There are 2 protein chains.
Amino acid sequence: MPGKQPAVIVFDTFGSVVDWRSSLIADLTAYGDTIGVSADWPALVDAWRAAYHPSMDRVRKGELPWTKLDALHRGSLDRLVADFGIKGLSEADLVHINLGWHRLRGWPDAVAGLTRLKSRFVIGPLSNGNVSLLTNMAKFAGLPWDMVFGSDLFQHFKPDPETYLGVAKLMDVAPGQVMMAAAHNGDLLAAKSVGLMTAFWPRPLEYGPHQKRDYTAEHDFDIVAKDIEDLAAQLGV
Amino acid sequence: MPGKQPAVIVFDTFGSVVDWRSSLIADLTAYGDTIGVSADWPALVDAWRAAYHPSMDRVRKGELPWTKLDALHRGSLDRLVADFGIKGLSEADLVHINLGWHRLRGWPDAVAGLTRLKSRFVIGPLSNGNVSLLTNMAKFAGLPWDMVFGSDLFQHFKPDPETYLGVAKLMDVAPGQVMMAAAHNGDLLAAKSVGLMTAFWPRPLEYGPHQKRDYTAEHDFDIVAKDIEDLAAQLGV
């Protein structure tokens, strides 16, 4: 356990708290069956996620004005549906598929671990998702957040410092009283560089067979845990 | 029950969900006893609340830049401590007293009613309080919000339209899919004027012996309830 405890713990969400890949593959496969549209849904999901960072970079570089992740997802989806040659999707189907990112399920330890942490700490997602996405996801997956720190509150995506420092500002605490918790070394390194506490656990199945990194903590983080329940245990709750 | 149902219900908080007057009087009286400082705490609380609207109006009129309610409360408190001739309060005491607004208790129907409503709707406070105040209050009082719509997210106080419309924008719904719920006619009338659904219930003891208005719904609101549990019942949850 670190010498001091945080006041607020914020969580990376996609991959760290929820299993986006399995959730989306199951959701889209079932929906495709329902509407009678066949496609290589697992490959679409992997390609969709691969478009995630490049789409946010267009905002970071100023090629696009501030754009919510839902809209970036939709732009990528439209391109991929064409690239994959998927036929027969109506506008309502595309809207439904795009909102698949609102219907992700937690990893098995997520709800139990977060519920324990909520008993002592203010907890929230600090995600590149927008507030509506994260709020709807929390309802769907039963994530017991106290507050939802969507990227649209800051009009910045991680790892921009405005996101990490924005949490401290909204909660009226020092950056060092906020702990960033994630399964991604890069996110934690950025948070640490602006003064946040950090906690890591691995999600070696996040990318299914395509995982390439983040198997272990690569920097000196305050806590290295097995999962979110273990994080709670290490923080004494 | 109205013909259509909202997607999101946002609640006025001070007076409508939490009993600020009884909570603060009990909190400050107990704290005064602990530190051995005597004062007419009920009168201080009433005067503090009386300073609430004038302090926000200074921001609305541009006399002050955007200022969180915590800071407005502190300015009013400092003036009132002097006006009341209260002696012996340290800076730490003043900080603690000012955070009394983070330690308010719900009216008896609040937690039960909100818990029922949360089962179907996204619920959150839409308050002139800042995010930290409202998040800390929710932890203290057990209010099961999905998302906290503090005024600092919009840098506007109610009844400015940016607050009501800001909820719809963050949640990606039409204004007509958001219901404003409050014990104050003025708040609801402002929400209604920009297209929100509305629900009223009275809190005839909000100001203790000094209540002067809001005994009944004075406009054509979508729902008029007895309290938050009755609101849940009328919405069928």
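The residues of segment A:62-92 that are surrounded by 14 or more Cβ atoms within 10 Å (Cβ to Cβ) and in contact (Cβ under 8 Å) with a residue 60 or more places away in the chain, listed by number, are A:Lys68, A:Leu69, A:Asp70. Counting residues in segment A:211-224 that are more than 25 Å from B:His102 (Cα to Cα), within 18 Å of the chain's Cα centre (by Cα), of a type outside the set (Lys, Arg) and outside any loop (DSSP other than H, G, I, E, B) gives zero. The number of residues in segment B:30-61 that are under 23 Å from the mean Cα position of the chain (by Cα), loosely packed, with under 13 Cβ neighbours inside 10 Å and either over 25 Å from B:Glu206 (Cα atoms) or in contact (Cβ under 8 Å) with a residue 24 or more places away in the chain (or both) comes to 2.
Looking at segment B:171-187, which of its residues are within 14 Å of chain A (Cβ to nearest Cβ) and either modelled with pLDDT under 95 or assigned to a helix (DSSP H, G or I) (or both)?
Passing the criteria: B:Met171, B:Gln177.
Got a sec? Which of B:Ala190, B:Ala168 is in a helix (DSSP H, G or I), surrounded by fewer than 23 Cβ atoms within 10 Å (Cβ to Cβ) and either within 14 Å of chain A (Cβ to nearest Cβ) or of a type in the set (Val, Ile, Thr) (or both)?
On the way: B:Ala190 fails: either within 14 Å of chain A (Cβ to nearest Cβ) or of a type in the set (Val, Ile, Thr) (or both).
Sole residue among the options that is in a helix (DSSP H, G or I), surrounded by fewer than 23 Cβ atoms within 10 Å (Cβ to Cβ) and either within 14 Å of chain A (Cβ to nearest Cβ) or of a type in the set (Val, Ile, Thr) (or both): B:Ala168.
Determine if segment A:80-96 includes at least one residue that is over 30 Å from A:Gln5 (Cα atoms) and either in contact with a His (Cβ under 6 Å, 6 or more places away or on another chain) or within 14 Å of chain B (Cβ to nearest Cβ) (or both). First the steps, then the outcome.
Pass one, segment A:80-96, residues over 30 Å from A:Gln5 (Cα atoms): A:80-96.
Narrowing the set further to residues that are either in contact with a His (Cβ under 6 Å, 6 or more places away or on another chain) or within 14 Å of chain B (Cβ to nearest Cβ) (or both) leaves A:95.
Within segment A:80-96, one or more residues are over 30 Å from A:Gln5 (Cα atoms) and either in contact with a His (Cβ under 6 Å, 6 or more places away or on another chain) or within 14 Å of chain B (Cβ to nearest Cβ) (or both).
Quick check: is even one residue across segment B:209-216 buried (at least 22 other Cβ atoms within 10 Å of the Cβ) and in contact (Cβ under 8 Å) with a residue 40 or more places away in the chain? There is no residue in segment B:209-216 that is buried (at least 22 other Cβ atoms within 10 Å of the Cβ) and in contact (Cβ under 8 Å) with a residue 40 or more places away in the chain. All of (1) within 23 Å of B:Gly208 (Cβ to Cβ); (2) not in a loop (DSSP other than H, G, I, E, B) hold for B:Pro108 with one exception: (2). Screening B:Met137, B:Met147 for residues that are over 14 Å from the mean Cα position of the chain (by Cα), of a type outside the set (Ser, Thr, Tyr) and either within 12 Å of chain A (Cβ to nearest Cβ) or in a loop (DSSP other than H, G, I, E, B) (or both) leaves exactly one candidate, B:Met147.
Looking at A:Val167, A:Val173, A:Val111, A:Val131, just one residue is touching a residue at least 12 places away in the same chain (Cβ under 8 Å), touching a Leu at 6+ places or on another chain (Cβ under 7 Å) and more than 18 Å from A:Trp20 (Cα to Cα), and that residue is A:Val167.
The values are calculated or read from the model by the stated rules, or taken from the named source; none is laboratory data. As the structure is a prediction and not an experimental result, all values here were calculated from the model. Note that each Cβ is placed from the backbone with ideal geometry, even for glycine, and that neighbours are counted across all protein chains shown.
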